[in-house]
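The values are calculated or read from the model by the stated rules, or taken from the named source; none is laboratory data. Bear in mind that the values here come from a model prediction, so they are computed numbers and not experimental data. Cβ placement follows ideal geometry from the backbone for every residue including glycine, while neighbour counts extend to all protein chains displayed.
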Amino acid sequence: MRDKHFASASAAALLGLTAAASAQEAAPPFNVQENAVIAAAVHEEFGPYLVDDAGRSLYMFTADTQGEGTADAEVACVDLCLEDWPPFHSEAEPRAAEGADVSLLGTVQHEDHPVVTYNGWPLYFFVEDKVEGHAMGQGVENFGGTWFLVAPDGTPITEQR
């Protein structure tokens, strides 16, 4: 009798692991938002800058190509870069909240998800920014470029710590 229960429990556990693995594969990246919202906040050191609706800092990457006119932005952050700097994905058209300019919002496709752009720059989060108001990625140089916060007018904030 014990072997029958053990076999049933083992089969159930295996099915659970298989289902969990399938769900994990099908799940979108953690940073995909259904309705991305961009707002402006004020950082005590860097002044006005862009954040998502949870107050997380948004960055641009100088190695990316800024979209202009009919030319789409190009995302240069790939592979290991994306682990430290996840792109700001949105399943719907991004929206502007207080302090952000709706005319500067857009998207560009990257790895099957639309990445939110602002003034043609793809936007990213930094994994070391743990709470609202963190800007630990400001001025970081890695992966072939420099990471900057973005001002509400769409320009990079190049001030360093």
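General observations
- Selection within the range 143-161: residues that are over 22 Å from Gly106 (Cβ atoms) and charged (D, E, K, R). The member of this set that is modelled with the lowest pLDDT is Arg161.
- Residue ID - nearest to Glu44 (Cα to Cα), chosen from residues in the range 130-142 that are under 16 Å from the mean Cα position of the chain (by Cα) and modelled with pLDDT of 95 or more: Ala135
- Failed condition for Ala19, given (1) more than 22 Å from Phe88 (Cβ to Cβ); (2) modelled with pLDDT of 95 or more: (2)
- Residues in the range 79-108 that are within 13 Å of the chain's Cα centre (by Cα), free of Cβ contacts under 8 Å to residues at least 60 places away in the same chain and closer than 23 Å to Gly144 by Cα: 8 in all.
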